[in-house]
Number of protein chains: 2
Amino acid sequence: MCQLLGMNCNTPTDIVFSFTGFASRGGLTDHHSDGWGIAFFEGSGVRTFVDHQAAVHSPVAELIKQYPIKSQHVIAHIRKATQGRVTLANCHPFVRELWGRYWVFAHNGDLKNFTPALDGVFRPVGTTDSEQAFCYILQELRKRFGDTLPLLQDMRAALAEIAAFIASHGTFNMLLSDGSALYSHCSTHLYYLIRQHPFATAHLSDEELSVDFAEVTTANDRVAVIVTQPLTDNEVWTPFLPGELKVFVEGAVA
Amino acid sequence: MCQLLGMNCNTPTDIVFSFTGFASRGGLTDHHSDGWGIAFFEGSGVRTFVDHQAAVHSPVAELIKQYPIKSQHVIAHIRKATQGRVTLANCHPFVRELWGRYWVFAHNGDLKNFTPALDGVFRPVGTTDSEQAFCYILQELRKRFGDTLPLLQDMRAALAEIAAFIASHGTFNMLLSDGSALYSHCSTHLYYLIRQHPFATAHLSDEELSVDFAEVTTANDRVAVIVTQPLTDNEVWTPFLPGELKVFVEGAVA
């Protein structure tokens, strides 16, 4: 299994604090050491850092901890291989373009006998069940909505259906974003919290590190953080219900 | 205009030496300071680093200079904006998936009145003429060859035609790779060299830096380097002919 971290904000925010705790699970406080990746939207552009080394030993992860890239939509993943070899092509997040936007996807879980017919527009490069599921999602969205990005409520309804179908094949906790919204589906475990005014101090569960967010934010900032396991030990994380799809826009549940 | 750097090798090789000279042109020895990017194939996987900061000031470029990622196919680009704003979505190289492979593309030049009909499978995210040309290339390849990667000679013939058509709209020096071959088209200026046994010392034009490749290679290694302007001042760089398409496989002209 793997772990997921997503962030959705109303103002570009760096993820250094959360990523520091998260990356510790990539080989230090937990055993997810078969590669990792993180994608940052900046406007419509996206940059993705992936590495097949354990996050705790990766020079690229060190860069991310030092370099405060500011983004409104971030998706990160650390991998414990269940299907597919430990290789760069199997590292999440995966990125494809649809409707002139980049889509970023990461998955936690394990799908059994999930071999959907892929008609050729989106095809996996690696050998994971996760990338197959991602290609299937984009194919189905394109089939339903043609050449145009639909309204948010239509996307939500379509994704809820598609995710439920995929989840009928196994565990399907996932994060998906096109740089305008962050879609998250829980099959077994996913938690979120919203940080907003008045901000307080947060303390990581996996590292001896605290941040007083009141010092680094303005009163208007709002940040949603979505994770497979809570990252801090002094904040209230809300669990998703099994089967629930939540959409985050501008740092709030939409 | 921009600058291009490509590398194609018969064994995974790091690009630290060439990239160090190349990155100096991103704001130090030359004025290409509107962002930069580099993509490395590792097997069928690819990792792309892009930054809209000048390469000489970018912490990500610093990482690339320090972290010897070994790859058989590398494409790098430093940008001097001619069309499209200075934004991450406009940074080369661009990446798309076709036939279950990643395709990486970077362009030097300027296209005039190039607005091909794009039927929806590949659409630009940013606003550059370059990304339009890339989407057009993939669309045309898919149209000609359906769902299957063709033989190298068929790819070469198709790309020569497509590139010639695009180049009729302006300057089109470009590098394209799917991790099995590196395709390069020259419209005005592109140079290459092959480094192979017996290896010698190379000295950068843009930095006081030399490498004795005999010390860091084996007798079987072969590396092709393709650039818009020669990177070293003591090696012989072969210019492409205008209109020429060259294909590199395993560090040699195929």
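The values are calculated or read from the model by the stated rules, or taken from the named source; none is laboratory data. None of these values were measured; they are calculated from a predicted model. Cβ placement follows ideal geometry from the backbone for every residue including glycine, while neighbour counts extend to all protein chains displayed.
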Options B:ALA23, B:ALA54, B:ALA39; residue that is within 16 Å of the chain's Cα centre (by Cα), among the aliphatic types (A, V, I, L, M), more than 12 Å from every other protein chain (Cβ to nearest Cβ) and at negative phi: B:ALA23
Given (1) polar (S, T, N, Q); (2) modelled with pLDDT under 95; (3) touching a helix residue (DSSP H, G or I) at 6+ places or on another chain (Cβ under 6 Å), number of the condition B:SER187 does not satisfy: (2)
Selection count, region B:100-129, where residues are aliphatic (A, V, I, L, M) and farther than 22 Å from B:CYS2 by Cα: 3
Only listed residue being basic (Lys, Arg), modelled with pLDDT under 90 and over 26 Å from B:ASN90 (Cα atoms), chosen from A:LYS80, A:LYS112: A:LYS80
Within region B:158-209, tally of residues that are in a helix (DSSP H, G or I) and either free of Cβ contacts under 8 Å to residues at least 24 places away in the same chain or under 14 Å from B:HIS107 (Cβ atoms) (or both): 8
Scan of region B:100-132 for residues that are more than 12 Å from every other protein chain (Cβ to nearest Cβ) and part of a helix (DSSP H, G or I), ordered by number: B:ASP129, B:SER130
Qualifying residue in region B:26-38 (condition: touching a Phe, Trp or Tyr at 6+ places or on another chain (Cβ under 8 Å), buried (at least 24 other Cβ atoms within 10 Å of the Cβ) and over 22 Å from A:ALA39 (Cα atoms)): yes
Top-ranked residue of region A:133-153 - restricted to ones that are surrounded by 19 or more Cβ atoms within 10 Å (Cβ to Cβ) and more than 11 Å from chain B (Cβ to nearest Cβ), ranked as nearest to A:ALA89 (Cα to Cα): A:ALA133
Within region A:57-71, considering residues that are surrounded by fewer than 18 Cβ atoms within 10 Å (Cβ to Cβ) and assigned to a helix (DSSP H, G or I), the one nearest to the other protein chains (Cβ to nearest Cβ): A:PRO59
Identity of the residue in region A:50-90, in contact (Cβ under 8 Å) with a residue 60 or more places away in the chain and of a type in the set (A, V, I, L, M, F, W, C), that ends up farthest from A:ILE226 (Cα to Cα): A:ILE78
Residue ID - farthest from the chain's Cα centre (by Cα), chosen from residues in region A:82-99 that are within 18 Å of A:LEU4 (Cα to Cα) and in a strand (DSSP E or B): A:VAL95
